[in-house]
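Right, one structure below, let's go through it.
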Amino acid sequence: MNDTLAGWLQVLALIAVLAASYRPLGDYLAHLLTTGKHLRAERFVYRLAGVDGDADQKWSVYLRGVLAFSAVSVVFLYGFLRLQHHLMLSLGFPGIGPGQSFNTAASFVTNTNWQSYSGESAMGHLVQMSGLAVQNFVSAAVGIAVVATLIRGFTRNRTDRVGNFWVDLTRVVWRLLLPLCVVFAIVFVASGMVENFHAVHTVTTIAGQHQGITGGPVASQEAVKELGTNGGGFYNANSAHPFENPNPFTNLVEIYLMLVIGFSLPRTFGAMVGDHRQGYAIVAVMGLIWAASVALITVNELHSVSSSAGHLAGGMMEGKEQRFGIWGSALFAASTTLTSTGAVNSFHDSFSPGGGGMTIFNMMLGEIAPGGTGSGLYGILILAVVAVFVAGLMVGRTPEYLGKKLGGREMKFASLYILTTPAIVLIGAGVAMSLPGERASMLNSGPHGFSEVLYAFTSAANNNGSAFAGIGVNTDWYNTALGLAMLFGRFLPMIFVLALAGSLAHQQPVPVTAGTLPTHRPQFVGLLTGVVLIVVGLTYFPALALGPLAEGLH
Amino acid sequence: MPSHLPPAVRTHLTALRMLLVFTVITGIAYPLLVTGVAQAAFRHQADGSPVERGGRVVGSSLLGEDFTLPGKDAGPDPKWFQPRPSAGGYDPTASGASNLGPNSPVLIKAIKQRKAAVAAFDGVPESRVPADAVTASGSGLDPDISPAYAYEQVDRVARVRHLPAAEVHRLVAGHVRSRSLGFLGEPRVDVVDLNLALARLG
């Protein structure tokens with residue numbers, strides 16, 4: 001079979017399994033977010049935690065739960081990392097320093113999984129599985145919980161209640177993430193992934209040299225790393241490491257897992273608002289952007305566009321693994337940066353200017369195609385609110401979306417949401433570039449070096465976690481600045497989403513009239529896609545022109 | 001929950017209890033369950049697909065190995081098939097890539113040098129040296145090379161080992177792994193497995 005045909009079949013197979021999952025997974029999520037019944041195991045959790053599972057919370061109470069849970073998580077993880085050498089299974093590694101511990105705790109609690117450490121040479125097994133991987137579960141569940149309140153904002157009327165945070169959190173972990181992770185972790189092991197508690201053991205190789213091999217509970221962490229769009233690798237090389245991604249089959253399963261919840265949530269949205277067509281419109285926008293991005297990265301990499309090194313070598317294989325090749329690497333790169341995953345199976349720093357530039361642009365879109373678990377859907381729904389507002393301005397009508405009026409209050413929250421992330425990215429990258437010591441962290445020089453810094457702040461503020469990994473970020477300044485970027489980039493938008501949810505739930509719905517903008521037709525799909533591209537394009541174009549564009553035109 | 005505490009304190013205590021419960025469920029019970037099933041049903045894979053030579057573990061078929069001559073900077077050993085360049089020297093405790101940019105002068109220089117070195121080492125024209133032979137992998141532990149690079153090395157290996165080239169060629173052909181399920185990923189040759197088979201050949 002020739003390369004092109006095989007590459008296409010690989011993409012189409014992925015689309016087919018995602019399409020097949022859309023209805024069952026989306027409907028199942030809608031069920032677990034709306035049912036009044038608790039499982040016995042969940043009741044037990046509520047009793048242990050002292051939670052009333054039947055209480056319904058105001059948006060402000062819900063928000064306090066989100067923030068308290070995340071704050072406690074940061075402190076707990078920080079302590080865990082600092083003290084790892086006193087605990088079992090530390091493999092003899094020392095405690096992590098204060099700057100890096102803060103950065104790592106912020107990173108895993110915010111679903112970013114930016115890693116300024118190297119897994120195999122810094123983290124023991126216990127801190128990986130009982131510290132970091134726990135946040136892989138709960139941070140993903142927090143994202144879904146928050147989007148559930150926004151959907152309830154549209155479906156509920158004249159109430160100040162948006163759901164119960166502890167119930168949403170527990171159900172998503174218990175009924176969705178945990179069962180899927182058990183199944184896929186075992187699929188991963190069966191396909192060759194590692195799952196043990198070995199420390200580093202040294203073997204004498206075929207040629208008589210020595211090689212220290214680190215084991216670990218890798219497959220169990222890998223499943224939740226992808227499914228929860230986390231991306232924090234067990235090893236430094238992340239999903240490029242053969243123990244974390246042994247063959248092209250596991251590669252495709254990893255890509256599937258990082259996309260499946262994001263692409264199925266629009267179904268949940270459609271089911272909960274009682275109109276599946278609304279879900280199809282949203283998933284169409286996500287799918288269009290994802291497909292375009294996969295195509296652009298693949299073409300740039302296949303043809304070594306604007307890369308002297310690629311032309312000289314005869315292919316863009318620097319930083320890529322032979323078993324995945326260009327197609328499997330480009331597909332992974334597009335998917336990991338369009339979700340908030342940030343896992344990598346190839347190193348974006350060595351991608352062609354166009355391919356690497358697209359990975360930055362993907363994150364700048366706000367990770368909405370399909371985005372992180374939950375955060376992708378609330379991101380695109382905010383943009384849908386903006387799109388409806390823009391359309392309303394064009395015809396001079398008060399805009400409304402799904403029967404809810406979008407007045408001044410709603411638009412303020414939506415605008416604040418849109419402005420937060422770019423402000424963090426551009427200010428952060430600007431400050432870093434103005435400081436000589438921080439500039440020196442760049443591995444490459446010129447526009448490509450600037451792209452490394454821009455990538456770092458884009459990745460942190462959007463909670464992605466991947467990197468143009470040449471940049472040296474384990475300094476106090478970067479650990480602190482990027483840690484703060486992750487925290488603000490995660491929780492400020494969440495505050496605005498919850499406030500918007502509260503405001504929408506409070507309203508009396510307005511009846512649909514002939515003048516209402518239909519939000520389920522191709523026309524709206526086009527409008528929303530346009531708004532996404534224009535808002536992002538205008539915000540980031542100058543920064544992109546200094547980095548990847550300058551490099552590509554060089 | 002004591003109700004005399006201020007609401008903010010109570011919320012944080014609830015959060016802490018919730019976190020501890022999830023730590024036990026997802027951070028201890030879950031990985032132990034998966035490890036138990038993995039070790040019982042898929043021992044070989046779970047332990048990292050080890051390969052043996054003469055009853056002794058000599059590595060993993062998933063992790064590339066260095067096939068250089070003993071001594072520092074002694075260069076590649078001609079009696080073995082050579083893997084791809086590695087940013088970390090095939091050290092599994094330092095996995096990673098070069099992270100050099102697509103127009104990096106350092107990378108361009110390295111590719112030129114590698115191309116000339118591989119061509120001279122294998123006695124082939126530079127045009128026969130494939131991309132994977134001159135580029136460092138993402139993990140620095142890539143066990144695989146392209147079939148083109150494996151066939152390109154056949155004559156040199158056969159010459160040094162005093163074996164008929166056709167026999168080494170057959171050995172390589174037997175080790176070419178096609179795409180998973182026929183269409184996933186790329187065709188490849190696992191250098192660790194291939195060199196082990198070569199050692200058995202004599």
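Just so you know, all these numbers are worked out from the coordinates, no wet-lab data involved. Worth saying up front: this structure is predicted, and the values here are computed from it rather than measured. Counting neighbours? That spans all protein chains shown, and the Cβs are built from the backbone with ideal geometry, glycine included.
Please find, among A:ILE360, A:ILE368, A:ILE380, the residue that is aliphatic (A, V, I, L, M), under 30 Å from A:ALA550 (Cα atoms), assigned to a helix (DSSP H, G or I) and more than 14 Å from every other protein chain (Cβ to nearest Cβ).
Result of the check over A:ILE360, A:ILE368, A:ILE380: A:ILE380.
Would you check if A:VAL497 is surrounded by fewer than 23 Cβ atoms within 10 Å (Cβ to Cβ) and either aliphatic (A, V, I, L, M) or in a loop (DSSP other than H, G, I, E, B) (or both)? For A:VAL497, the condition - surrounded by fewer than 23 Cβ atoms within 10 Å (Cβ to Cβ) and either aliphatic (A, V, I, L, M) or in a loop (DSSP other than H, G, I, E, B) (or both) - is not met. Scanning the stretch A:455-471 for residues that are within 10 Å of A:ASP349 (Cα to Cα) and touching an Asp or Glu at 6+ places or on another chain (Cβ under 7 Å) returns A:PHE468, A:ALA469, A:GLY470, A:ILE471. Among the conditions (1) surrounded by fewer than 24 Cβ atoms within 10 Å (Cβ to Cβ); (2) part of a helix (DSSP H, G or I); (3) small (Gly, Ala, Ser), A:ALA309 misses just one, which is (1).
When A:VAL72 is tested against (1) closer than 19 Å to A:GLY143 by Cβ; (2) out of contact with any Leu (no Cβ under 6 Å at 6 or more places or on another chain); (3) free of Cβ contacts under 8 Å to residues at least 60 places away in the same chain, just one condition goes unmet, and that condition is (2).
So that you can scan it fast, the table gives a plain yes or no per residue for (1) away from chain B (no Cβ under 12 Å); (2) closer than 26 Å to B:THR11 by Cα; (3) buried (at least 20 other Cβ atoms within 10 Å of the Cβ):
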| site | (1), (2), (3) |
| --- | --- |
| A:LEU77 | no, yes, yes |
| A:MET88 | no, no, no |
| A:GLN100 | yes, no, yes |
| A:VAL109 | no, yes, yes |
| A:GLN115 | no, no, yes |
| A:SER118 | no, no, no |
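Name the single residue that is farthest from A:ASN238 (Cα to Cα) among those in the stretch A:335-351 being more than 12 Å from chain B (Cβ to nearest Cβ), in contact with a Leu (Cβ under 8 Å, 6 or more places away or on another chain) and part of a helix (DSSP H, G or I). The residue in question is A:LEU338.
Would you check if there is a residue in the stretch A:234-249 being small (Gly, Ala, Ser), at the interface with chain B (Cβ under 7 Å from one of its Cβ atoms) and either in a loop (DSSP other than H, G, I, E, B) or within 15 Å of the chain's Cα centre (by Cα) (or both)? It would help to see each step written out before you state the result.
We begin by selecting, within the stretch A:234-249, every residue small (Gly, Ala, Ser); these are A:237, A:239-240.
Next cut, at the interface with chain B (Cβ under 7 Å from one of its Cβ atoms) only: A:237, A:240.
Filter once more, keeping what is either in a loop (DSSP other than H, G, I, E, B) or within 15 Å of the chain's Cα centre (by Cα) (or both): A:237.
Yes, the stretch A:234-249 has at least one match.
Could you go through the stretch B:5-16 and let me know if any residue there is among the charged types (D, E, K, R), within 7 Å of chain A (Cβ to nearest Cβ) and surrounded by 14 or more Cβ atoms within 10 Å (Cβ to Cβ). No - not one qualifying residue is present in the stretch B:5-16.
None of A:ARG171, A:ARG152, A:ARG158 is of a type outside the set (A, V, I, L, M), on the phi > 0 side of the Ramachandran plot and more than 7 Å from every other protein chain (Cβ to nearest Cβ) except A:ARG158.
When the stretch B:124-144 is examined, which residues are found to be at the interface with chain A (Cβ under 7 Å from one of its Cβ atoms) and either among the hydroxyl-bearing types (Ser, Thr, Tyr) or part of a strand (DSSP E or B) (or both)?
B:THR135, B:SER137, B:SER139, B:ASP144 - these are the residues of the stretch B:124-144 that are at the interface with chain A (Cβ under 7 Å from one of its Cβ atoms) and either among the hydroxyl-bearing types (Ser, Thr, Tyr) or part of a strand (DSSP E or B) (or both).
On the given criteria, is A:PHE137 in contact (Cβ under 8 Å) with a residue 40 or more places away in the chain, surrounded by 24 or more Cβ atoms within 10 Å (Cβ to Cβ) and within 14 Å of chain B (Cβ to nearest Cβ)?
In short, yes.
Report, by residue number, each residue of the stretch A:168-208 that is surrounded by fewer than 17 Cβ atoms within 10 Å (Cβ to Cβ) and either in contact with a Leu (Cβ under 6 Å, 6 or more places away or on another chain) or not in a helix (DSSP H, G or I) (or both). Hits for the stretch A:168-208 are A:PHE197, A:HIS198, A:ALA199, A:VAL200, A:HIS201, A:THR202, A:THR204, A:GLY208. Look at (1) free of Cβ contacts under 8 Å to residues at least 40 places away in the same chain; (2) in a helix (DSSP H, G or I); (3) buried (at least 18 other Cβ atoms within 10 Å of the Cβ) and you find that A:ILE96 fails only one, number (2). If the condition is being hydrophobic (A, V, I, L, M, F, W, C) and under 13 Å from A:SER329 (Cβ atoms), then the stretch A:293-312 contributes A:VAL294, A:ILE297, A:LEU302.
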